[in-house]
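K.L.:
Next up is a structure, given as structure tokens.
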Amino acid sequence: MAKIDRSGEPLLSVQDLRTYFYTRSGVVKAVDGISFDLHPGETLGIVGESGSGKSMTAWSILGLVPQPAGKIVGGKIFFKGQDLLEASPSEMRQIRGSGISMVMQDPLTSLNPVFTIGSQVIESLRMENKGPAAKLREMAAALLAKVSIPSPETRLHAYPHEMSGGMRQRVVGAIAISRSPSVLIADEPTTSLDATVQLQYLKLLKEIQETTGAAIIFITHDLGIVANMCDRVGVMYAGKFVEQADVLPLFDNPSHPYTQALMRSVPDLEVDVAHLPSIEGQPPSLDDLPPGCAFAPRCEHAFDKCDTYPDTFTIAEGHTSNCWRHSGDYSVAD
Amino acid sequence: MTRFILIRLVQAFFTLLALSAGVFFAVHLTGDVVSFLTSPQDTPQSVALMRQSLGLDRPIYVQYWIFLQNVVQGDFGHSWTWGRPASSLLLERLPNTLKLAASGFVLTLILGIPLGILSAVYRDSVFDRIAKFISVLGMAAPQFWVGIMLLLFFGAYLGWLPTFGIGGPTHYILPSFSLSLFLIAGMVRLTRSSMMEVLDSEYIKFARVKGLHERAVIWKHALRNAIIPVLTFAGISLGGLLNGSIVVEVVFAWPGLGRLMLTSVTQRDYAVLEATVLTAGAMYILMAMLVDILYAYIDPRMREE
Amino acid sequence: MATFEESGSEIVSDAEPKLLSIKNIASTAGKILRARLPWAPIIIMAVVVICAIFAPLLAPHDPTDIDIGVRKLAPGENWSYPLGTDRLGRDMLSRLIYGARTSAFISLVALGAGAVVGTTVGLVSGYAGKWTDTILMRITDAAMGFPTILAAMIIVTILGAGIANIILAIAVTVWARFARMIRGEVLQVRNRDFVLAARITGVSPVMIIWRHIFPNVINTLLIILTLLVGQTILLEASLSFLGLGLAPGASAWGLMVAEGRDYLISMWWLSLLPGLVITMVVMAFNFFGDWLRDTLDPKLRRSI
């Protein structure tokens, strides 16, 4: 893996982001104080169980938090120095697609069923490239070829339902990179694909990154994928990062009990299809969180101090963990 | 696509044939036409003669075959209450009903669809409230009563609008509104829920991620999908228009097919009854076919069925 | 007509399979009771049912009692006739109460008959598939789109007037709605493991449908039933407004509106009141049906 230069300005800097949902049963703190920096060419993995706020972090960055229930209540998001939370709707629209783009979870439903592949690719291209229809078609075919879709010219006339899931996911990828964004968010892009297609797609994402130099935020629950794809990892639990580290230190020395539990639930890291880590207990419901560490109820190491939220402890340079076990107060050996 | 249209055409033809058989046999096997044309004083010989002259002594399937041949030539037989050919009555009344139904249908589309969309896009806005009110009221208030109340208020009380019969454009306002309120309600409700569902879908989110303008997201990506069930409803609602036009024509003394149908039922005027029912049924079947074809045009997934 | 249900046939719900048992009925009942009940519609519905059952006890006068001495009383003019009288001196309130009886009786019997036929067709069509399904669904589509009043008129013409024929006419037009929806539900259940298991072990199709599939569509059935009550009442009212079937002078809401039509200016209450009653009652049933659907099975929102 190429060494990432982190000395310059980060491309994307998220600082203490808080996205809450106001529902009838209470306030759901989907994202509750997330901070990270993303540098050019870097791949950040955000790992966690479903419902931990991973996807909502992505939607917050794109300015597409579901209305009217959801609201970004705090924090800053700097993209190339501009605070996205201060940006006007039309400025945000400019950034979506061309600055920050996203590949979503479900290839079967991400494409509009009533338009041809071609028209959906061209629609995106047309936002930046003025020109005759024939030229745009050519560009679209080239784009499909770039994501390794066989016979792209004929595919332009196909409707989404005429293609396989893997092919559709490639089209989604092609559209997402059509305007060469500098940040690409991939939200569990391979969950609904079968194993071999999954691998091909991950390879494709890497190739895209190498040719375009885009930074990627990779959202997943699969540690196997993280190990293969990412430079840096944030482990998310109940709307917060509980541990952040570069990928090797994280796997060498997982420090937060939740990270450790996730690692244990993956049988073999060489197996890329390790799905659905199972940890005892249920993820907490976000509208009714315990006052202290949200993982405490499921944690085998929990002790009385866990009733207040843990400080951030530095394990090593660039490796932090939010757990009281790292303080001097934890003495009970297990 | 051509194959699809051909299949639908053939299906429509057979449905029409089945309808004609149903109507013909139902009428001819259950009521003796001759008994209405003769009086007890008539001798058995004259009754038999009449039977023969009407062709009623032949086997029923032969009668049906003759009936079909006549219908194809536009001859539905002779109306004994009006004393003239049923087809001429039909031609006189049908345009009035078509005009009424068309204005009701247009009203349904131009009020129902936009209101449904606006209410889904701007939830809890003033549009949404108007839409909810109309859909709740329209689904519950009987058409004939809405007609009578409109007539009472705008016609009799305020004296603004004509209340019966056919004439200038103002004559259409009250009848077509009473006719379409129920359908507008259904349309608003359906468009709203269909649109809300589509707006929630992944491909709409992805269209936004692409950086598309919100106008394009709603009026291109969302509408084209949301309109599919709406079209089905439009097709079904044609049946509703025919239904409603019977009632509304009675309320507003509209000289149309519906009222003709109703009187033919009460008068047992079989020629007119067959003519009107077949015409109404044929109209329904053809419209349903057109909707199906339109539907396949809009939704590519349907073409392969 | 093209079908939506087909595309959804592969969606496998992860809900537990249901068998026909006290426990499942109790769970449905529990779901209903736990939710916040829509009291206004329930009260209106209860009033209609009570009026229908106890009409002779509740009505202050005989609805057919003609009394020229009290004719053309406006509502409130004479408190012995709170809602006024018609041109023959018949008490409006009593006629409305008896009208509930006519409406409720005709609508419920017709709807019940339609539900039995439609559910059977839907179950068979959905389970059997292939050409059985194609034929049954073509018939269903044709019946569903066929103008209901037109169908009713044909039936009344052929069989003559009378309550039984009105009921038949309504049943003939509503069954198709049950068939369509139930078939859609069956398609979703048909390929689930417990049905396949029963099939492999050689359970007869009738038993599979009855023991394994039917219990899974009961909620849907209940919801359609409730949602259709309003429409059935409207249809019944339209037929009686047109004078198809019921004898003049009978106490039926639609008929009362029709009778009042000739005295619109002099006696506005004759048409206004029964229409208002119909609207309120139908609204109550519609609200309740929507609520029931949202409570028991929010998925159905898209298809009904």
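The values are calculated or read from the model by the stated rules, or taken from the named source; none is laboratory data. No experiment lies behind these values; they were computed from the predicted model shown. No Cβ is skipped: glycine too gets one built from the backbone with ideal geometry, and neighbour counts run over all protein chains shown. For the accessible areas, the whole protein counts, side chains as well, though only heavy atoms, and no ligand, DNA or RNA atoms are used. Shrake-Rupley method; radii C 1.70, N 1.55, O 1.52, S 1.80 Å.
Residue-by-condition table, conditions (1) open to solvent by 30 Å² or more (accessible area, probe 1.4 Å); (2) closer than 30 Å to B:Gly244 by Cβ; (3) touching a Pro at 6+ places or on another chain (Cβ under 7 Å):
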site: C:Thr85; (1), (2), (3): no, no, no
site: C:Thr120; (1), (2), (3): yes, no, no
site: C:Gly129; (1), (2), (3): no, no, no
site: C:Arg138; (1), (2), (3): yes, yes, no
site: C:Ala143; (1), (2), (3): no, yes, no
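K.L.:
Continuing with the same structure: Please go through the range B:163-214 and give me each residue that is at the interface with chain A (Cβ under 8 Å from one of its Cβ atoms), of a type in the set (Ser, Thr, Tyr) and assigned to a loop (DSSP other than H, G, I, E, B), ordered by number.
P.N.:
B:Ser201
K.L.:
Taking B:Val146 as meeting all but one of (1) part of a helix (DSSP H, G or I); (2) in contact (Cβ under 8 Å) with a residue 40 or more places away in the chain; (3) away from chain A (no Cβ under 14 Å), write down the number of the exception.
P.N.:
For B:Val146, the failing item is (2).
K.L.:
Quick one: is C:Ala176 open to solvent by less than 40 Å² (accessible area, probe 1.4 Å), hydrophobic (A, V, I, L, M, F, W, C) and within 13 Å of chain B (Cβ to nearest Cβ)?
P.N.:
Yes: the conditions hold for C:Ala176.
K.L.:
I need a count of the residues in the range A:121-156 that are part of a loop (DSSP other than H, G, I, E, B) and within 22 Å of A:Leu202 (Cβ to Cβ).
P.N.:
Qualifying residue count, the range A:121-156: 4.
K.L.:
Here is a further query. May I ask you to say which residue of A:Ala158, A:Ala145 is without any contact (Cβ under 8 Å) to a residue 12 or more places away in the chain and more than 19 Å from A:Val183 (Cβ to Cβ)?
P.N.:
Every option except A:Ala145 fails the conditions.
K.L.:
Does C:Glu185 satisfy being acidic (Asp, Glu), closer than 23 Å to C:Val48 by Cβ and surrounded by 18 or more Cβ atoms within 10 Å (Cβ to Cβ)?
P.N.:
No: the conditions fail for C:Glu185.
K.L.:
Quick one: would you say C:Ile304 is at the interface with chain B (Cβ under 9 Å from one of its Cβ atoms), assigned to a loop (DSSP other than H, G, I, E, B) and either open to solvent by less than 20 Å² (accessible area, probe 1.4 Å) or at pLDDT below 80 (or both)?
P.N.:
no
K.L.:
Quick one: what pairs do we get from the range A:90-102, first residue facing another protein chain (nearest Cβ under 9 Å) and open to solvent by less than 30 Å² (accessible area, probe 1.4 Å), second among the polar types (S, T, N, Q) and part of a helix (DSSP H, G or I), C-beta under 9 Å, 6+ apart or different chains?
P.N.:
A:Gly97/A:Ser124
K.L.:
Can you tell me how many residues within the range A:58-86 are open to solvent by 20 Å² or more (accessible area, probe 1.4 Å) and aliphatic (A, V, I, L, M)?
P.N.:
The number of residues fulfilling the criteria is 5.
K.L.:
Exactly one condition in (1) open to solvent by less than 50 Å² (accessible area, probe 1.4 Å); (2) in contact (Cβ under 8 Å) with a residue 60 or more places away in the chain; (3) more than 10 Å from chain A (Cβ to nearest Cβ); (4) part of a helix (DSSP H, G or I) is false for B:Gly155; which is it?
P.N.:
Status for B:Gly155: all satisfied but (2).
K.L.:
Let me confirm something: among A:Val14, A:Val27, A:Val31, which residue is part of a strand (DSSP E or B) and open to solvent by 40 Å² or more (accessible area, probe 1.4 Å)?
P.N.:
Result: A:Val27 is the single residue among A:Val14, A:Val27, A:Val31 that is part of a strand (DSSP E or B) and open to solvent by 40 Å² or more (accessible area, probe 1.4 Å).
K.L.:
Within the range B:175-183, is there a residue that is closer than 20 Å to C:Arg261 by Cα, crowded, with 17+ Cβ neighbours inside 10 Å, in contact with a Ser or Thr (Cβ under 7 Å, 6 or more places away or on another chain) and not polar (S, T, N, Q)?
P.N.:
Among the residues of the range B:175-183, at least one is closer than 20 Å to C:Arg261 by Cα, crowded, with 17+ Cβ neighbours inside 10 Å, in contact with a Ser or Thr (Cβ under 7 Å, 6 or more places away or on another chain) and not polar (S, T, N, Q), which makes the answer yes.
K.L.:
Among the candidates A:Ala58, A:Ala69, single out the residue that is under 22 Å from A:Lys206 (Cβ atoms) and touching a residue at least 40 places away in the same chain (Cβ under 8 Å).
P.N.:
Result: A:Ala58 is the single residue among A:Ala58, A:Ala69 that is under 22 Å from A:Lys206 (Cβ atoms) and touching a residue at least 40 places away in the same chain (Cβ under 8 Å).
K.L.:
So B:Val230 clears everything in (1) of a type in the set (A, V, I, L, M); (2) in a helix (DSSP H, G or I); (3) within 13 Å of B:Thr97 (Cα to Cα) except one condition, right? Which one?
P.N.:
B:Val230 satisfies all of (1) of a type in the set (A, V, I, L, M); (2) in a helix (DSSP H, G or I); (3) within 13 Å of B:Thr97 (Cα to Cα) except (3).
K.L.:
Here are the criteria: (1) at pLDDT below 85; (2) in a loop (DSSP other than H, G, I, E, B). Tell me which single one A:Met263 does not satisfy.
P.N.:
Going through (1) at pLDDT below 85; (2) in a loop (DSSP other than H, G, I, E, B) one by one, A:Met263 breaks only (2).
K.L.:
Within the range B:184-229, which residues are within 13 Å of A:Phe115 (Cβ to Cβ), small (Gly, Ala, Ser) and either crowded, with 22+ Cβ neighbours inside 10 Å or not assigned by TED's automatic domain parsing to the domain that holds B:Ala101 (or both)?
P.N.:
B:Ala207, B:Ala222 - these are the residues of the range B:184-229 that are within 13 Å of A:Phe115 (Cβ to Cβ), small (Gly, Ala, Ser) and either crowded, with 22+ Cβ neighbours inside 10 Å or not assigned by TED's automatic domain parsing to the domain that holds B:Ala101 (or both).
K.L.:
Counting only residues that are at the interface with chain B (Cβ under 8 Å from one of its Cβ atoms) and aliphatic (A, V, I, L, M), which one in the range A:103-147 is nearest to the chain's Cα centre (by Cα)?
P.N.:
A:Met104
K.L.:
Does B:Ile246 satisfy the criteria of being open to solvent by less than 10 Å² (accessible area, probe 1.4 Å) and of a type in the set (Val, Ile, Thr)?
P.N.:
Yes, satisfied.
K.L.:
Within the range C:242-269, count every residue that is under 28 Å from C:Ala164 (Cβ atoms) and either open to solvent by less than 10 Å² (accessible area, probe 1.4 Å) or more than 8 Å from chain B (Cβ to nearest Cβ) (or both).
P.N.:
The total comes to 16.
K.L.:
Another question, then. Those residues that are in contact (Cβ under 8 Å) with a residue 12 or more places away in the chain, among the β-branched types (Val, Ile, Thr) and either within 16 Å of A:Gly234 (Cα to Cα) or surrounded by 13 or more Cβ atoms within 10 Å (Cβ to Cβ) (or both), I need them from the range A:300-318; list them, please.
P.N.:
A:Ile315
K.L.:
For the range B:292-304, which positions are open to solvent by 20 Å² or more (accessible area, probe 1.4 Å) and either hydrophobic (A, V, I, L, M, F, W, C) or in contact (Cβ under 8 Å) with a residue 24 or more places away in the chain (or both)?
P.N.:
If the condition is that a residue be open to solvent by 20 Å² or more (accessible area, probe 1.4 Å) and either hydrophobic (A, V, I, L, M, F, W, C) or in contact (Cβ under 8 Å) with a residue 24 or more places away in the chain (or both), then B:Ile293, B:Leu294, B:Tyr297, B:Ile298, B:Met302, B:Arg303 are the ones that fit.
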